[in-house]
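Before any comments, here is the structure.
The values are calculated or read from the model by the stated rules, or taken from the named source; none is laboratory data. Note that the structure is a prediction, hence the values are computed from the model and not measured. Positions of Cβ are backbone-derived with ideal geometry, glycine not excepted, and every protein chain shown enters the neighbour counts.
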Protein chains: 2
Amino acid sequence: MRTIDTLLCCRWVIPVRPRGQILKEHAIAIDGGRIVGVLPVAQAQREFSARETVTLPQHVVTPGLVNAHTHAAMSLLRGVGDDMPLSRWLGERIWPLEAALACEQFVYDGTRLAALEMLRGGQTTCSDMYFFPEAAARALREVGMRAVVGIVAIEFPTAYATDADDYLRKGLATRDALRDDPLVSFTLAPHAPYTVADATLARIAVLAEELDLPVHIHVHETAQEIEDSVRQYGLRPLARLDRLGLVTERLLAVHAVHLEEAEVALLAARGATAVHCPSSNLKLASGIARVAAFSAHRVNLALGTDGAASNNRLDLLEEMRLAALLAKGASGDASALPASAVLEAATLGGARALGLAQRIGSIEVGKEADLVAFDLGAVETQPCFDPLSHLVYACGREQVSDVWVGGRRVVRTRQAIDLSGAPLAGAILAPVAAWQNRIGQLLGACDHGHRAQPAAAPVSSTDSRSGAGHLR
Amino acid sequence: MRTIDTLLCCRWVIPVRPRGQILKEHAIAIDGGRIVGVLPVAQAQREFSARETVTLPQHVVTPGLVNAHTHAAMSLLRGVGDDMPLSRWLGERIWPLEAALACEQFVYDGTRLAALEMLRGGQTTCSDMYFFPEAAARALREVGMRAVVGIVAIEFPTAYATDADDYLRKGLATRDALRDDPLVSFTLAPHAPYTVADATLARIAVLAEELDLPVHIHVHETAQEIEDSVRQYGLRPLARLDRLGLVTERLLAVHAVHLEEAEVALLAARGATAVHCPSSNLKLASGIARVAAFSAHRVNLALGTDGAASNNRLDLLEEMRLAALLAKGASGDASALPASAVLEAATLGGARALGLAQRIGSIEVGKEADLVAFDLGAVETQPCFDPLSHLVYACGREQVSDVWVGGRRVVRTRQAIDLSGAPLAGAILAPVAAWQNRIGQLLGACDHGHRAQPAAAPVSSTDSRSGAGHLR
């Protein structure tokens, strides 16, 4: 018998590869942070002697969910501006608040809050794009999450950096500082074609090749940005990125709402990824991405929550359900984006996009043990004829019971825990209360017996002419 | 000091009327099942002596949610057919299964399961449409939920009734039997224009007036049924209902996905209700209802989950969020269906539709105490600048902590309880396991190490030519 760290004995395992497979009464053997066996429980108990055995009698275990696009620190701005057109939402709320608030501590505290929410929702990896990425990486790592940190670039000065070169310099320095951390990796993260100049994008194309990094960028989120690009450059944004050498298998085209058929085909031909963020696209009235067309062209699909200021939850299960429903409703085809394809997008699709498909995204021997157990025993998931259907259509984040990242259990019976097993929530929520007070003051007189209608003055006194340095 | 049954001391109260109002540190005084005061906590503690005081220090309390359209018993068929076009879903799964299964016990057991899920999701009232409505009413009442029971009519024979007259006779007898129950009321529930003949619909129009009952009917769910109606009757279904005298303030037009501008205006002019079921409409690829147009025309809006076979959750919070997001994304207007309007649709809008607006749907003195407390203290709802925003955009059903129906606490800290305070779940889940086995056998060989692909034979051997007696 081989001695291993952990044996998970599961009612069901959905390994994601092969697509749609459901293994009943299977065990996952974990040693040194990696998966060393996926086999029937009875056989596992003969072959392995585990230091810890976890019995999951009414649970389905899947690969950890991969949130391919978020601005984690913006969890501190959850719900500051709803039901507003994009231009007002940015100009009156997000940019002024960020100009007043964004600093290393804001990013650290907000990212810790976000990480806790993401882990409790079954996300083991997130691809983040925000200022002060070193603070974000530190926060994600401390909470136990796998971090894909954006080396941000934008042409506007902020408290973090002065110009695009400065952003890249600082981001690359963060990469150098953290490059030995096995749970941290990086993307190059130019904000968007409309906020980053050709010279910067061209430099990023070179850096991506040299450093072997994905390129994480907002693309074709709104119809307006496409019109503006045609006026300014004579090209649609994706064509401009292509001319600059950025439409490759490294590209994460975030949002990708407004794409013509030929543009979908181009993404497919180059092996690029569309990162679908359905809640955010609907909430900001950006539109509905053509997910059925992505499937038809075999574009790699990943899912993202976007930031909590435009969602307002960092809940990839919600995005999974919404992606599945919306693909059907928008295409008129009830078989579009079936449950198996949605789960793949939320796991292996994201891992592929981030260059991590050899390490995570499916439950296979040799991969790192990023795993989520969903308890299907509650009223809301009974009866159960098909755990894969329930995962996508019936589960909520409250069904997530336990989460492992690199073999370490980071959520135990719904509670995020530290290395000693102690709950994390108290220490993480304490500074959130202080931020709430500060942001609440900025938002003006809330809670006076009527719906919060923050006064514009305290926040709009900061400079919002240029939308200085927003990253969403 | 006045002695009362219960005093709820709440961080926030959202009474729904007036729309958008948020009361901070307010109490709700309850006596004899009714609301007798809504006032600042300090004042309430001077004015009332309560036999029970419930402190809700980080909670927002709203009126109980009203699920205006469901087929509760179908919770036993949760997830039996996903990712299938409507015709296959009905013909291969739902109709054959219903033909094989639907009986009084199926309805009773399935409705109890549904009621538990709905209560735990903050729903205090549901408007049900299914066979054996007496069994459904009994189940809903035993679990403590307010029941609006459909007096069903359809032209096809089932185990429940032989023809439309028999359905109506049996439904009216159920109404006679239960008419003194203060928690039960009724609708006339002809299934749909395409399954009910003119003569029956005309009789229902008369009955609705005579008995003062709402009329609960699927209308314009798919483009196909409209085409078929034009071919068969030379009229679109809504025009046919109008010719038969059914488009009045009593009408619940369920789904109402495919409406022309003039049809929206007709609903508005007559004071009819559109019952929006966004998850079901997307999942079955029926389309996207024009909710922004409903708002522009001031059509009364209510929300429904539909049955768990086409959703697959009976979660009105999910429908609220989806309705708000979808209205924005589909109309291109991020201010469409703001949070306050969504909450109104999920409470007072449903109450109006069901003829219950004098009794429930808002937190006002004199109304019955149907209330839900949402705990906003968790990571997922922090920070909180606006509890109304969080309700719609950030909350999940797991934030529902306590529920009262007619002043009786039916959910206590997430657990549905009986009159003695004992948990209900065990007794309700036990028969579900038996049904799972029986339905699983019908569905064929599941769980053989691959995605469930039920054999068609065992279920399709029953007669599905006529779609006999399905109610969804």
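Worth pointing out:
- Count of region A:286-308 residues, restricted to those that are of a type in the set (A, V, I, L, M) and either surrounded by fewer than 24 Cβ atoms within 10 Å (Cβ to Cβ) or free of Cβ contacts under 8 Å to residues at least 12 places away in the same chain (or both), is 4.
- A:Gly361 being closer than 21 Å to A:Ser279 by Cβ, touching a strand residue (DSSP E or B) at 6+ places or on another chain (Cβ under 6 Å) and surrounded by 22 or more Cβ atoms within 10 Å (Cβ to Cβ): no
- Flag for B:Gln399 being within 11 Å of another protein chain (Cβ to nearest Cβ) and surrounded by fewer than 22 Cβ atoms within 10 Å (Cβ to Cβ): no
- Flag for A:Ala416 being within 11 Å of chain B (Cβ to nearest Cβ), at pLDDT 95 or above and either closer than 30 Å to B:Asp386 by Cα or not in a loop (DSSP other than H, G, I, E, B) (or both): yes
Listed here are the residues, each with its yes/no results for (1) closer than 30 Å to B:Pro338 by Cβ; (2) within 16 Å of the chain's Cα centre (by Cα).
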| site | (1), (2) |
| --- | --- |
| A:Leu77 | yes, no |
| A:Pro85 | yes, no |
| A:Ile94 | yes, no |
| A:Ala102 | yes, no |
| A:Gln105 | no, no |
| A:Ala114 | yes, yes |
| A:Asp165 | no, no |
| A:Arg169 | no, no |
| A:Arg175 | no, no |
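Each row is one residue, and each column tells you yes or no for (1) farther than 30 Å from A:Ala115 by Cα; (2) buried (at least 20 other Cβ atoms within 10 Å of the Cβ); (3) touching a Cys at 6+ places or on another chain (Cβ under 6 Å).
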{"site": "B:Asp370", "(1), (2), (3)": "yes, yes, no"}
{"site": "B:Thr381", "(1), (2), (3)": "no, yes, no"}
{"site": "B:His390", "(1), (2), (3)": "no, yes, yes"}
{"site": "B:Trp404", "(1), (2), (3)": "yes, yes, no"}
{"site": "B:Thr413", "(1), (2), (3)": "no, no, no"}
{"site": "B:Asp418", "(1), (2), (3)": "yes, no, no"}
{"site": "B:Pro423", "(1), (2), (3)": "yes, no, no"}
{"site": "B:Gly426", "(1), (2), (3)": "yes, no, no"}
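- Failed condition for A:Leu252, given (1) in contact with an Asp or Glu (Cβ under 8 Å, 6 or more places away or on another chain); (2) touching a residue at least 24 places away in the same chain (Cβ under 8 Å); (3) more than 20 Å from A:Ser331 (Cβ to Cβ): (1)
- Yes/no for B:Gly366 being more than 8 Å from chain A (Cβ to nearest Cβ) and within 22 Å of B:Val149 (Cβ to Cβ): no
- Selection status of A:Ala345, in contact (Cβ under 8 Å) with a residue 40 or more places away in the chain, more than 8 Å from chain B (Cβ to nearest Cβ) and farther than 22 Å from B:Trp89 by Cα: yes
- When residues of region B:27-60 are limited to those that are assigned to a strand (DSSP E or B), of a type in the set (Val, Ile, Thr) and more than 26 Å from the chain's Cα centre (by Cα), the one surrounded by the fewest Cβ atoms within 10 Å (Cβ to Cβ): B:Thr55
- Residue check, B:Gly377 over 23 Å from B:Ala394 (Cα atoms) and within 14 Å of another protein chain (Cβ to nearest Cβ): no
Table: residues versus (1) part of a helix (DSSP H, G or I); (2) at pLDDT below 95; (3) more than 19 Å from the chain's Cα centre (by Cα); (4) under 30 Å from B:Arg138 (Cβ atoms).
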{"position": "B:Gly377", "(1), (2), (3), (4)": "no, no, yes, no"}
{"position": "B:Trp404", "(1), (2), (3), (4)": "no, no, no, yes"}
{"position": "B:Ser420", "(1), (2), (3), (4)": "no, yes, yes, yes"}
{"position": "B:Ala433", "(1), (2), (3), (4)": "yes, no, yes, yes"}
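- Verdict on B:Arg472 being charged (D, E, K, R) and either in contact with a helix residue (DSSP H, G or I) (Cβ under 6 Å, 6 or more places away or on another chain) or at pLDDT 95 or above (or both): no
- Among the residues of region A:276-299, the one identified as among the β-branched types (Val, Ile, Thr) and facing another protein chain (nearest Cβ under 10 Å) is A:Ile288.
- A:Val459, sole failed condition from (1) at pLDDT 95 or above; (2) outside any loop (DSSP other than H, G, I, E, B): (1)
- Filtered residues of region A:164-182 (kept if in contact (Cβ under 8 Å) with a residue 40 or more places away in the chain and either farther than 29 Å from A:Arg359 by Cβ or not in a loop (DSSP other than H, G, I, E, B) (or both)): A:Thr174, A:Ala177, A:Leu178
- Here B:Arg409 meets the list (1) assigned to a loop (DSSP other than H, G, I, E, B); (2) more than 9 Å from chain A (Cβ to nearest Cβ) almost entirely, failing just condition (1).
- Of all the residues in region A:1-26, those that are within 14 Å of chain B (Cβ to nearest Cβ), of a type outside the set (Lys, Arg) and assigned to a strand (DSSP E or B) number 6.
- Region A:163-176 - residue that is among the aliphatic types (A, V, I, L, M) and closer than 15 Å to A:Leu211 by Cα and, of those, surrounded by the most Cβ atoms within 10 Å (Cβ to Cβ): A:Leu168
- Condition check for B:Ser340: assigned to a helix (DSSP H, G or I) and within 13 Å of chain A (Cβ to nearest Cβ): yes
- Cβ pairs under 8 Å, 6+ apart, first in region B:390-406 and on the phi > 0 side of the Ramachandran plot, second crowded, with 23+ Cβ neighbours inside 10 Å and of a type in the set (Asp, Glu): B:Gly406/B:Glu368; B:Gly406/B:Asp370
- Residues that are more than 8 Å from every other protein chain (Cβ to nearest Cβ) and either charged (D, E, K, R) or surrounded by 24 or more Cβ atoms within 10 Å (Cβ to Cβ) (or both), drawn from region A:103-117: A:Glu104, A:Phe106, A:Val107, A:Asp109, A:Gly110, A:Thr111, A:Arg112, A:Ala114, A:Ala115
- Region A:350-368: number of residues that are closer than 12 Å to A:Arg17 by Cβ and of a type in the set (Lys, Arg): 2
- Any hit, region B:127-144, residues being under 24 Å from B:Gly349 (Cβ atoms), crowded, with 18+ Cβ neighbours inside 10 Å and of a type in the set (Asp, Glu): yes
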